[in-house]
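Taking it in order: structure first as structure tokens, then the write-up.
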Amino acid sequence: MRPWFRPRTRLVPTRRSVTAGEASAAVALETVEALEAAEAEQRKSAAAPDTREQPAGSPPAPEEPAFPIVGDTRAAAFFDLDNTIMRGAALFHFGRGLYKRDFFSSRDLARFAWQQAYFRLAGTENSGHMAEARDSALSIVRGHRVSELMSIGEEIYDEYLADRMWPGTRALAQAHLDAGQQVWLVTAAPVETATIIARRLGFTGALGTVAESVAGVYTGRLAGEPLHGPAKAVAIDALAAGEGLDLDRCAAYSDSANDIPMLSLVGHPYAINPDRTLRAHARERGWRLRDYRTGRKAVRFGVPAAAAAGALAGGTAAALALRRRRR
């Protein structure tokens with residue numbers, strides 16, 4: 001593995017994070033292989049050429065070198081999910097959808113709402129809240145079939161997630177796709193949820209937290225730990241080895257200092273909607289920044305930033321609404 005953890009990241013891989021990362025990469029590679037085989041069969045049956053390739057996207061701003069490089073198939077892009085591609089936390093909205101389907105009580109949903117409000121107020125990830133959200137999610141899905149959660153996940157995406165994507169970040173991802181490169185979602189969300197989101201966005205695939213299942217039923221245990229912090233870097237490194245990618249030519253995008261290992265792993269790191277720690281680290285290292293939460297111009301880019309449309313109000317309102325419901 002590349003020595004991403006050596007220079008000042010302060011985040012080192014543990015045995016559990018290595019297990020989580022390798023398990024996530026294995027699932028991602030299997031999913032992509034199955035998808036490619038199915039698409040090849042469809043093309044063969046239709047006796048028609050693959051028409052998915054699109055012309056290259058708009059040229060970059062004059063002050064920027066050409067990036068991504070069109071036709072560089074050994075390059076890929078890795079995108080964090082929460083607060084990078086979408087506003088807020090995917091797990092919270094997944095919880096909302098499960099509550100609507102009577103998977104758990106209003107008290108549980110109130111706890112999810114508080115976690116979401118905290119996430120938005122703090123603007124960063126807290127390991128304690130991450131662990132609490134993980135344990136809540138595992139207790140909810142234990143005993144349910146994987147196929148059931150996949151089907152529900154499709155519905156939840158349409159209900160809660162589709163309209164929460166940052167247009168600016170989606171445009172960055174599309175530029176890599178238009179250049180003929182792989183684009184991967186990398187998130188602590190369950191790999192099933194991540195795979196649905198990645199497919200809906202037109203990405204190559206997803207790296208996410210792998211929950212153990214036996215005979216298609218969730219056991220309530222994880223493969224290692226959530227795909228968070230150093231585990232993401234492990235997963236990307238393993239995926240790159242399996243796909244023949246050159247990490248020096250790859251790009252990674254995230255909002256959180258917890259993802260410094262992932263960002264340090266590639267040759268083109270980007271801080272998107274960064275928290276305070278990541279912003280300082282990115283400026284020190286000369287990494288590129290973009291902030292779509294305000295009207296400020298992004299650092300080192302001439303592209304206008306998008307507005308956030310009530311990010312703080314949304315989480316607070318959800319918590320208050322739940323409180324009123326319980327009275």
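Bear in mind these aren't lab numbers, they're just calculated from the coordinates by the rules spelled out. Just so we're clear, the structure is a prediction, and the values are computed from it rather than from any experiment. No Cβ is skipped: glycine too gets one built from the backbone with ideal geometry, and neighbour counts run over all protein chains shown.
Amide H neighbours of Val183 under 5 Å, counting only residues 5+ apart in sequence or on other chains, H built in-plane at 1.01 Å?
Amide H neighbours of Val183: Ala77, Thr204, Gly205.
Could you list log10 I(q)/I(0) for the range 209-258 at q = 0.33 Å⁻¹, which the Debye formula gives when each Cα is one point scatterer?
Debye intensities relative to I(0), on a log10 scale: -1.20.
In nm, to one decimal, how far is the Arg16 label point from the Arg170 one, both placed 7 Å along Cα→Cβ?
3.6 nm
Quick one: which residues, 5 or more positions from Asn83 or on another chain, have an amide H under 5 Å from its amide H? H modelled 1.01 Å from N in the peptide plane, none for Pro or chain starts.
Placed amide hydrogens put Gly88 under 5 Å from Asn83.
Can you give the net charge of the other residues whose Cβ lies under 9 Å from the Cβ of His93, counting K and R as +1 and D and E as -1? It would help to have the intermediate numbers written out before the result.
Values: positive: Arg96, Arg164; negative: Glu159.
Every neighbour counted, the sum reads +1.
Can you work out the FRET efficiency for the pair Arg107 and Glu154, with r the C-beta to C-beta distance and R0 = 35 Å, to the nearest 0.05? Before the final figure, lay out the partial values.
Values: r = 27 Å, r/R0 = 0.77.
Result of the calculation: an efficiency of 0.85.
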